[in-house]
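Just so it is clear, none of the values below were taken in a lab; they were calculated from the coordinates. Source: prediction; values computed, not measured. Cβ: placed from backbone, ideal geometry, glycine included. Neighbour counts: every protein chain shown.
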Amino acid sequence: MRPGRFLSRATAALAYDIPLLREPRDLEVGAVRPMKPPERRGIRGHQVRAGALLETPLEPLWLPSPAEVWALLAGAYPLEQLIMAGDFLISGRDRWAEPLCSIEELTATARRFGGCSGSAKLVAALPRLRTGVESPAESLTRLLIENAGLPTPQTCCSVPVDGRVLHADLGYPEWKTRSSTTASITSRAASSSGASTTPAERR
């Protein structure tokens, strides 16, 4: 890897265990203009304008920051991917892990990426991100609910059970309605987050 080039988009996302709707077939490599990305079979390259990244990634990892990886995804992936990835970044890998970044970092990064490919999707994704999310399936279920015209459910909704307080993935406390999600998402993060089990089973 030459200086000015870096691992990008889904390839970089996998390095941070960011959940993906689909795994990349090719290695995704970015380049800061005027540097050009490599052009060869098995590599999917793109350019980003100077100043979008706070620092040009260096060896040995060649990785942008988690927030920048999120912004880079916008150039080739749909809004649902950005919301699922953003939820993961500001919530952490699980309820005991520190978030990989804050909503303020994502907001600042989206501002720096203004005018870059997919920047409008970054702006659209920000107000729909939520903390307390424990699986990619939960993010996608919440989006289905919102897109159906229903109010946004509360994440990590408390459920009193036999003198204890458990937590459902999603719920409307005012309506005493709660739900847990189960689904399979194509990503390493989905399998490691226990998305195939309910929160009640994990606690």
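Using the Cα gyration tensor of segment 32-79, with a ≥ b ≥ c the square roots of its eigenvalues, what is the shape: rounded (a/c below 1.5), prolate (a/b larger than b/c) or oblate (neither)? Numbers along the way, then the final one.
Numbers: a/c = 1.39, a/b = 1.07, b/c = 1.30.
Cα axes put segment 32-79 in the rounded bin.
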Proxy exposure order for Val48, Val69 (fewest C-beta within 10 Å first) is Val48, Val69
Using a Förster distance of 25 Å, the FRET efficiency for Leu27-Val123 (Cβ separation, nearest 0.05): 0.30
Just flag the GluC sites (Glu not before Pro) in segment 14-114 sitting in loop per DSSP whose Cβ has no more than 10 other Cβ atoms within 10 Å. Glu39, Glu55
Around Cys101, under 14 Å between beta carbons, what's the net of Lys plus Arg minus Asp minus Glu among the other residues? -4
Shape call, segment 1-112: gyration tensor on alpha carbons, a/c limit 1.5: prolate
May I ask you to list the trypsin sites (Lys or Arg not before Pro) in segment 33-86 that are in a DSSP loop and have at most 11 other Cβ atoms within 10 Å of their Cβ? Arg40, Arg41
When Arg128, Arg33 are ordered from fewest to most other Cβ atoms inside 10 Å of their Cβ, what list results? Arg33, Arg128
Shape category assigned to segment 6-66 from the gyration tensor of Cα positions, a/c cut at 1.5: oblate
In nanometres, the difference between 0.36 nm per residue of separation and the alpha-carbon distance of Asn147 and Arg111 is 10.4 nm
Neighbour counts of other C-beta atoms within 10 Å: give me Ser91, Ser65, Ser8 arranged from fewest to most. Ser65, Ser91, Ser8
